[in-house]
1. Let me know the shape class of region 209-264, please: from the alpha-carbon gyration tensor, a ≥ b ≥ c as square roots of the eigenvalues, rounded when a/c is under 1.5, otherwise prolate if a/b is greater than b/c, or oblate.
2. Tell me the label-point distance for the pair residue 250, residue 306, using the 7 Å Cα-to-Cβ offset, in nm and rounded to one decimal.
3. Using R₀ = 45 Å, calculate the FRET efficiency as 1/(1 + (r/R₀)^6) where r is the Cβ-Cβ separation of residue 316 and residue 123; round to 0.05.
4. So if we plug the beta-carbon distance of residue 352 and residue 16 into 1/(1 + (r/R0)^6) with R0 = 56 Å, what FRET efficiency do we get, rounded to 0.05?
5. Between residue 266 and residue 143, what is 0.36 nm times their sequence separation minus the Cα-Cα distance? Round to one decimal in nm.
6. Quote to one decimal, in nm, the extra length available between residue 94 and residue 81 on full extension: 0.36 nm per residue of separation minus the C-alpha distance between them.
7. Only Lys, Arg, Asp and Glu count, each charged at its Cβ (+1, +1, -1, -1), so figure out the dipole size of region 258-354 about its Cα centre, rounded to 20 debye.
8. Sum up the charges of everything whose Cβ sits under 12 Å from the Cβ of residue 103, counting Lys and Arg as +1 and Asp and Glu as -1, but leave residue 103 out.
Amino acid sequence: MVAIGVITTIDGNRMASLNNDILQRGKVTYLLSVVSENTLAIRSAEYAYLLRPRADLVKQYQVSRAKIEGAIENLRDNHRNIDEVEAAIPPLGQKAAAFFTRSQRTFTAGEEERARRANEAPNNRDADALLRAIAELEEKNLANIGKNQGQLSSLLVKAETRVIITVTACLLAIIAGAFAVRAQSREQDEYLEAMSRMAQYDNLTKLPNRVLTLDRLRQQLAGSGRSKEPFAVLAFDLDGFKKVNDTHGHAGGDDLLKQVALRCTSALREIDTVGRMGGDEFIALLPNANRDGASLAAGKLLAEVSKPYKLGNGATVFIGASIGIAVYGQHGTDAASLLTNADTASYHAKSRGKGQYVVFDPGMAQPTNVPGR
């Protein structure tokens, strides 16, 4: 019985330490998602402001900036015991500061300066640098979560085995120990599953969130790098979503986003991924898809998204989507270039009247007019 107590104490302490580390890394994942989502929100507000200055866009910038600063400060104050987070915080803060400086200049620019900046807006190197730094830290953090989950599962198996071997002389102790360990294992499995879903899936739409979508993009890049098979990235947001959100409130907007998520997944193949990047912005990853296959998929998405929606309050609403397409090999061979080029093409789809898709072309580097959503 003394042996059982020693084993339980040692294993319990180690499992508690792993549990705590996984929990802390889950919080890191959440804080990084706050930074990335609000970086995209500022980038969107900045571009819209350059085309048509509005006070609400300045407010959006201020709110999103405060959220980014708060998230980075939280990381700095509470996660210094995680080596890769501690190492990443100074450069992350520097990149955020550079991004804020650029954005602040946008919101105080005169008319001529705004016109010049509008042409340069899609090539926002400061935003791209900040998003890349977040993606790199997310990748390391998720890898360590997976490593800790594996160690925790291994400890549970070893703990159960040692208990059974140690107490062979006492049948009642074997039964009690086995039940205790198995109960703990079930509880731990449920905990790990909940943590994994929280870290990888969007709570509202149940789609893969930005972290999981970027991870799948990296996996697709690795696979296509070996096989030379093409794949496509579709970037799209919803035309008219803001009007629905303003008219029917956040509950109506949330209801609409959930319906859009279901339609998008049903319009594409099982092997495709539709992920929510934040707000009404989505990414679709299409394995083994060339330019023609991506165009066909984009057409299906547009057809589904443009059908009428019945909200929970009984109202019927109509929206659309503007889709940009980038194909691996033709429009980039890394995540940053594919995402940037797909995003640029989506701006052009919106500028051409919305409700359509556009395949990226190098001549699109300087869009001139993107109407509001």
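1. Numbers: a/c = 3.90, a/b = 3.05, b/c = 1.28.
Because a/c hits 1.5 or more and a/b exceeds b/c, region 209-264 counts as prolate.
2. That separation, rounded to one decimal, is 3.2 nm.
3. Working: r = 40 Å, r/R0 = 0.89.
E(calc), rounded to 0.05, equals 0.70.
4. On the way: r = 57 Å, r/R0 = 1.02.
About 0.45, to the nearest 0.05.
5. Numbers: separation 123, 0.36 × 123 = 44.28 nm, distance 3.04 nm.
This chain segment gains 41.2 nm when fully extended.
6. Details: separation 13, 0.36 × 13 = 4.68 nm, distance 2.05 nm.
Computed gain between residue 94 and residue 81 is 2.6 nm.
7. Working: 11 positive and 8 negative charges, 86 e Å.
Dipole magnitude for region 258-354 comes out near 420 debye.
8. Details: positive: 43, 65, 102, 105, 117; negative: 46, 126.
Overall, the nearby charge balance is +3.
Any read-out appearing in this document is the output of simple, stated calculations on the displayed coordinates, not a laboratory observation. Just so it is clear, the model here is predicted, and its values are computed rather than measured. Methodologically, a virtual Cβ is constructed for each residue, glycine included, from the backbone with ideal geometry; neighbour enumeration extends over all protein chains shown.
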